[in-house]
Amino acid sequence: MISHVDNPVLELHNLTVTYENKPAVWNVDYTIPEGNLIGIVGPNGSGKTTMLKAVMGLEKPSSGYVKVFGNDLDKVRDKVAYVPQRGSVDWDFPTSVYDAVLMGRYTKQNLFKRTSKRDREITNDCIKKVQLENFSKRQISQLSGGQQQRVFIARALAQEAELYLLDEPFAGVDAATENAIISLLQEMKAEGKTIMVVHHDLQTAPKYFDWLVMMNTRLIASGKISDVFNQELLNQTYGGRLNILTQVGELLKQTSHPIREKK
Amino acid sequence: MELIIDFFFKDPVVRWVLMAVILMCASAAIVGCFTFLRKRALVGDAISHAILPGICLAFIIAQTKNPMVLMLGAFGSGWLGLITIDFITNRTKLKTDAALGLVLSVFYGFGILLLTTIQNSGNASQSGLDKFLFGNAAAMMQSDAITFGLFSLVLIILIFILFNPLKLVTFDRNFAISRGIPVKRLELLLSVLTVFAIAIGIQAVGVVLMAALLITPASAARFWTHDLKWMIFLAAAFAVISGIMGTFISYTLPKMPTGPWIVTILSTIAIISIIFGFKKGILSKVRLRRLNKKKILRENILKCLYHLGEKAGNFDKFWSTWEILEKREMNKAQLKSGLKQLESRNLVILKGNAAKFSELGKEEGRRVTKIHRLWEIYLTKYMKMAPDHVHNDAEAMEHLITPEIEKDLEVHLKFPLIDPHDSPVPYKDLK
Amino acid sequence: MDAFWIILTGSLVATCCALLGCFLLLRKMTMVGDAISHAVLPGIVLAYLVTASRASFPMLVGAAIFGVITTILIELLSKKGKLQEDAAIGVSFTWLFSIGVILISVFAGQVDLDQDCVLYGEIAYVPLDTLYIGGNNLGPEPVWLLAINLLIIIVFILIGYKGLVVTSFDPILATSLGISTVFWHYSLMSLVSLTTVFSFESVGAIMVVAFLIGPPAVAYLLTEDLKTMLFLSVIFGIGAALGGYFLAVAIDASIAGAMASVIGVEFIFAFIFNPRNGILKRKKLAA
């Protein structure tokens, strides 16, 4: 069950990303409609993070391509914000909440310039939006897990993007923070933003999302939650890997065989 | 030549020294394999620097250059360095790399402080302590050589006795715990052995370059084998060869420090291994890639001939090169070389500028075509890809899929008859 | 007067190293700094051979080239050769360093460089190396070179502060914003090799590491603000240079060795008194 849309915000075309020539994301092909809250689900190690990284140009695809707003990422970089997993940075880094959020305002162009007044205002606004205004001067090492996650989200908000990609924003946060984050995301959706969230809790998925991408190295389904959130597709997603696919993957790794023929 | 004979056979002291160097290098390399596999390569670097103050302190206290006393000091401060590294990483927010660098440089600096005070105090018996910085195996005394050789031998024997549990701890710590193996004690033992091997090894290469004697042989060996036993054997062999050559050089040119020569030779072996190693070496990868490319070219030509035959309903027809090129875009020179390869394998019959299948070739062409179409079906059915997206993937996988996977595919897909583009799947029996 | 020049040289080395070291520490790359400081040796020796002079422009070029070769070699061994990174670091720098030492031994007669200098520097001789321009005595040449180096570092950090911080804290974010992590990586590493070369004569190849890592580590334990950390690390670096000099004079030992030892003492104090989990804090909590 893969629904395609016209004028997608994000299009993945036959995307394959490999580690040591073994595909972690294999021929994933879908389109994402604008102004939706989209969940990405799949078991551990099913390539969700790799896929997001490929969208952001952090992993080089072995084949296929990604189009964001119909363009290459480099042309529309300032319209996309990425929130990596919380554990991907060292929270002992000596910086304050304010300075960490301000980093969302950095671009290639203003890197050597002074911070503008507008940047400062936006930063403060975003800190308010995630209810950390009382912690603005606090060092990030002194925050709780939920607060750290909110710093990350505020930083993404500061980017003032159109498309947001969040990698497991609910991992290890308390219920109150999760609720606060989800209502913030819903607000953003109401403003016409598109938000994609890697999610683990199947219980809450139908409540949170309008659209669901289900994957397990390969794409299982992509479509309206009412169309795809059913037992059969969930079984396919979580029911282990396909034997043949695993064998071919191993073979690729062993033989260093090219994933695509070069012309 | 005469020099070499002199070196190996004339001087009895040299024979002892050589024996000691061989054993010292081998023991360091063997212990180093475990350090390497436990991803603690740089810990060895830090410990070897941390040994310097211990040697100096032992000398200041005991006022003797007795190797046993100095070794005791060396072991003590090496151990203290190791504990300090763990302590800093566990008790502060500093990460491992900073803890290593800090211990390495501060211990070493303190050692230099002590060493220079000893030297400047004019103590006549001090001369020779600075040998520990770059090592000078060639200048070792016979009695020292015997002592160090024996120690190294004990170390090697210990590792051989405990080989199996140590291997388990290194490769799968959790499994080892679950089997009730005393992992903590074995790890402690491994640490003791490491510090011990370093304390001995600095006699040959000195504190500054000792890390190389631990890390480099293991790194080089890794490119030739995946088997721990072979890895240890090769690492020891590389280290021993370098040790002998380094000692020989500083024996013939007494001004040359032993350590840097041993390390340079060792590193050269390592670089050669990385390039030529047949398990993981760079060259083996390049070779594999070239072989893959040739195979792909051959199979593509066969498939093309098969398609042409299919269309014409005749597989025994000669096809000219331009007919082949019209069917499939490729470089003309490539096509020629591919056809030559196929002819030498008795897969096609060439006549001037035309080619036709041999029986064997027809079978191969059919097989590749069949895999291509089966994979396309698999992609649409199980990877849920649109029929117009599957061709490129199948183009690559048709060259990869083994007969076993081919069989699995047939069964899994229940012997389908047509692919997503309505072409028939060519089974052998149906023809 | 000699004491003044020696302490000044030590302080300049300490300041240069501390500023760069803070970023190495935050990037968890201190051991790469260690590797570079060793690996520039063959570059320095070769340049000596070519020009027969110290601290000259060719020497800089030679050392900088080897500094970059090290970083590339480490990358190559770990990425192309699939060698684990710590081993790649260990193999590369020991190799280059041993070649450097061999070169020194081979050309012992032609190079005004000995193993002692490599091992612990000759800061005591710095005042002898006077720079004359138009007959005017301008003080020791190394001091001038280090001052220029420090100026470059300060300008680099002032201009590149944002880029350095964002690529250190979250390289993933930086890349997704289109900021080149590679550029900042190599800029920082080039400055580290440059600093190593300038500091080499004074403190030797190994003790540069003490200055690169020690004061930043001390400052890192005491503060959670990057600007304060940079400031404190400079203070502790200069403190070590001062204390080290007087310690060395008192017990007649290597000045560089004494400076490194003082850094060790500073670290022990920082460890005991640091606000987050120092021993004092623990006692207070227990009480």
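The values are calculated or read from the model by the stated rules, or taken from the named source; none is laboratory data. Just so it is clear, the structure is predicted and the values come from calculations on it, not from any experiment. Heads up, the Cβs are rebuilt from the backbone with ideal geometry, glycines too, and the neighbour counts pull from every protein chain shown.
Can you pull out the residues in the range A:223-263 that are on the phi > 0 side of the Ramachandran plot and either within 10 Å of chain B (Cβ to nearest Cβ) or assigned to a helix (DSSP H, G or I) (or both)?
A:SER256
Given (1) out of contact with any helix residue (DSSP H, G or I) (no Cβ under 7 Å at 6 or more places or on another chain); (2) within 23 Å of C:SER180 (Cα to Cα), identify the lone condition not met by A:GLN186.
(2)
Tell me the helices (runs of 4 or more DSSP H) entirely within the range B:323-431 that contain at least 3 residues that are surrounded by fewer than 20 Cβ atoms within 10 Å (Cβ to Cβ) and in the same structural domain as B:GLY309 (by TED's automatic domain parsing).
Per the criteria, B:332-344.
Consider A:GLU162 carefully, then state whether it is without any contact (Cβ under 8 Å) to a residue 40 or more places away in the chain, among the acidic types (Asp, Glu) and either under 26 Å from A:VAL213 (Cβ atoms) or within 14 Å of chain C (Cβ to nearest Cβ) (or both).
Values: without any contact (Cβ under 8 Å) to a residue 40 or more places away in the chain: no; among the acidic types (Asp, Glu): yes; either under 26 Å from A:VAL213 (Cβ atoms) or within 14 Å of chain C (Cβ to nearest Cβ) (or both): yes.
Criteria not met by A:GLU162.
Only one residue in A:LEU202, A:LEU157, A:LEU163 is under 16 Å from the mean Cα position of the chain (by Cα) and more than 30 Å from C:LYS227 (Cβ to Cβ), so which one is that?
A:LEU163
For the range C:82-122, what are the residues that are more than 12 Å from every other protein chain (Cβ to nearest Cβ) and either out of contact with any Gly (no Cβ under 8 Å at 6 or more places or on another chain) or at pLDDT 75 or above (or both)? Walk me through how you get there before you give the answer.
Going through the range C:82-122, the residues more than 12 Å from every other protein chain (Cβ to nearest Cβ) turn out to be C:110-113, C:117.
C:GLN110, C:VAL111, C:ASP112, C:LEU113 - these are the residues of the range C:82-122 that are more than 12 Å from every other protein chain (Cβ to nearest Cβ) and either out of contact with any Gly (no Cβ under 8 Å at 6 or more places or on another chain) or at pLDDT 75 or above (or both).
If we keep just the residues of the range B:287-301 that are crowded, with 20+ Cβ neighbours inside 10 Å and not hydrophobic (A, V, I, L, M, F, W, C), which is farthest from the other protein chains (Cβ to nearest Cβ)?
Only one residue tops the list, namely B:ARG298.
Does the range A:178-217 hold any residues that are in a helix (DSSP H, G or I), more than 30 Å from B:THR380 (Cβ to Cβ) and either of a type in the set (Gly, Ala, Ser) or within 14 Å of chain B (Cβ to nearest Cβ) (or both), and which are they?
Answer for the range A:178-217, where residues must be in a helix (DSSP H, G or I), more than 30 Å from B:THR380 (Cβ to Cβ) and either of a type in the set (Gly, Ala, Ser) or within 14 Å of chain B (Cβ to nearest Cβ) (or both): A:ALA180, A:SER183, A:ALA190.
Matching residues to (1) in contact (Cβ under 8 Å) with a residue 12 or more places away in the chain; (2) buried (at least 23 other Cβ atoms within 10 Å of the Cβ):
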{"position": "B:LEU37", "(1), (2)": "yes, no"}
{"position": "B:ALA50", "(1), (2)": "yes, yes"}
{"position": "B:ALA62", "(1), (2)": "no, no"}
{"position": "B:LYS65", "(1), (2)": "yes, no"}
{"position": "B:VAL69", "(1), (2)": "no, no"}
{"position": "B:LEU72", "(1), (2)": "yes, no"}
{"position": "B:PHE75", "(1), (2)": "yes, no"}
{"position": "B:THR84", "(1), (2)": "yes, no"}
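Can you report the number of residues in the range C:238-252 which are more than 11 Å from every other protein chain (Cβ to nearest Cβ) and closer than 21 Å to B:GLY111 by Cβ?
5
Of all residues in the range C:253-277, which are more than 11 Å from chain B (Cβ to nearest Cβ) and part of a loop (DSSP other than H, G, I, E, B)?
C:PRO275
Among the residues of the range C:225-237, what is the count of those that are without any contact (Cβ under 8 Å) to a residue 24 or more places away in the chain, surrounded by fewer than 22 Cβ atoms within 10 Å (Cβ to Cβ) and either closer than 16 Å to C:PHE273 by Cα or within 11 Å of chain A (Cβ to nearest Cβ) (or both)?
Going through the range C:225-237 one residue at a time, the tally reaches 3.
Taking only pairs six or more apart or across chains, which ones have beta-carbon atoms under 7 Å, a first residue in the range B:137-153 that is charged (D, E, K, R), and a second residue that is in a helix (DSSP H, G or I) and modelled with pLDDT under 90?
Filtered contacts from the range B:137-153: B:ASP144/B:PRO67.
Here is a list of conditions, (1) touching a residue at least 24 places away in the same chain (Cβ under 8 Å); (2) part of a helix (DSSP H, G or I), and B:ILE157 meets all of them except one; can you say which number that is?
(1)
Do the conditions hold for B:LEU102, that is, is it within 12 Å of chain C (Cβ to nearest Cβ) and part of a helix (DSSP H, G or I)?
yes
Scanning the range A:59-94 for residues that are part of a helix (DSSP H, G or I) and over 13 Å from the mean Cα position of the chain (by Cα), which turns out surrounded by the fewest Cβ atoms within 10 Å (Cβ to Cβ)?
So, considering only residues that are part of a helix (DSSP H, G or I) and over 13 Å from the mean Cα position of the chain (by Cα), the one surrounded by the fewest Cβ atoms within 10 Å (Cβ to Cβ) is A:ASP74.
Could you tell me whether C:VAL203 is at pLDDT 90 or above and in a helix (DSSP H, G or I)?
Judged against the criteria, C:VAL203 is not a match.
Within the range B:140-153, can one find any residue that is in the same structural domain as B:SER27 (by TED's automatic domain parsing), assigned to a loop (DSSP other than H, G, I, E, B), touching a helix residue (DSSP H, G or I) at 6+ places or on another chain (Cβ under 8 Å) and more than 20 Å from B:ALA212 (Cβ to Cβ)? Can you show your working first?
The first filter runs over the range B:140-153 and keeps only residues in the same structural domain as B:SER27 (by TED's automatic domain parsing), leaving B:140-153.
Checking which are assigned to a loop (DSSP other than H, G, I, E, B) leaves us with B:140-141.
Pick out the ones that are also touching a helix residue (DSSP H, G or I) at 6+ places or on another chain (Cβ under 8 Å) and you get B:140-141.
Then keep just the ones that are more than 20 Å from B:ALA212 (Cβ to Cβ); that gives B:141.
Checked against the condition, which is being in the same structural domain as B:SER27 (by TED's automatic domain parsing), assigned to a loop (DSSP other than H, G, I, E, B), touching a helix residue (DSSP H, G or I) at 6+ places or on another chain (Cβ under 8 Å) and more than 20 Å from B:ALA212 (Cβ to Cβ), the range B:140-153 yields at least one hit.
Looking at the range C:169-187, which of the residues that are of a type in the set (Val, Ile, Thr) and at the interface with chain A (Cβ under 7 Å from one of its Cβ atoms) is nearest to A:VAL83 (Cα to Cα)?
C:ILE172
Listed residues B:GLY180, B:GLY206; which is at positive phi, within 14 Å of another protein chain (Cβ to nearest Cβ) and over 23 Å from the mean Cα position of the chain (by Cα)?
The conditions single out B:GLY206.
What's the number of the only condition in (1) in a helix (DSSP H, G or I); (2) surrounded by 15 or more Cβ atoms within 10 Å (Cβ to Cβ); (3) within 12 Å of another protein chain (Cβ to nearest Cβ) that A:ILE220 fails to meet?
Among (1) in a helix (DSSP H, G or I); (2) surrounded by 15 or more Cβ atoms within 10 Å (Cβ to Cβ); (3) within 12 Å of another protein chain (Cβ to nearest Cβ), A:ILE220 violates only (1).
Any idea which of B:THR247, B:THR170, B:THR258, B:THR252 is out of contact with any strand residue (DSSP E or B) (no Cβ under 9 Å at 6 or more places or on another chain), buried (at least 24 other Cβ atoms within 10 Å of the Cβ) and within 14 Å of chain C (Cβ to nearest Cβ)?
Of the residues listed, the single one that is out of contact with any strand residue (DSSP E or B) (no Cβ under 9 Å at 6 or more places or on another chain), buried (at least 24 other Cβ atoms within 10 Å of the Cβ) and within 14 Å of chain C (Cβ to nearest Cβ) is B:THR258.
How about the range C:1-14: which of its residues are surrounded by fewer than 24 Cβ atoms within 10 Å (Cβ to Cβ) and either out of contact with any strand residue (DSSP E or B) (no Cβ under 6 Å at 6 or more places or on another chain) or aliphatic (A, V, I, L, M) (or both)?
At the first step, the residues of the range C:1-14 found to be surrounded by fewer than 24 Cβ atoms within 10 Å (Cβ to Cβ) are C:1-5, C:7-8, C:11.
C:MET1, C:ASP2, C:ALA3, C:PHE4, C:ILE7, C:LEU8, C:SER11, listed by residue number.
From the set of residues in the range C:23-41 that are more than 11 Å from chain B (Cβ to nearest Cβ), in a helix (DSSP H, G or I) and not aromatic (Phe, Trp, Tyr), which is surrounded by the most Cβ atoms within 10 Å (Cβ to Cβ)?
C:ILE36
With (1) within 29 Å of A:GLU191 (Cα to Cα); (2) within 14 Å of chain C (Cβ to nearest Cβ) as the list, and A:PHE112 as the residue in question, which single condition is left unmet?
(1)
Return the only residue of A:LEU165, A:LEU245 being modelled with pLDDT under 90 and either surrounded by 19 or more Cβ atoms within 10 Å (Cβ to Cβ) or more than 22 Å from A:SER88 (Cα to Cα) (or both).
Residue meeting the stated conditions: A:LEU245.
Checking B:ALA139 against (1) within 13 Å of chain C (Cβ to nearest Cβ); (2) out of contact with any His (no Cβ under 9 Å at 6 or more places or on another chain); (3) of a type outside the set (Asp, Glu): exactly one of these is not met. Which one?
The one condition B:ALA139 does not meet is (1).
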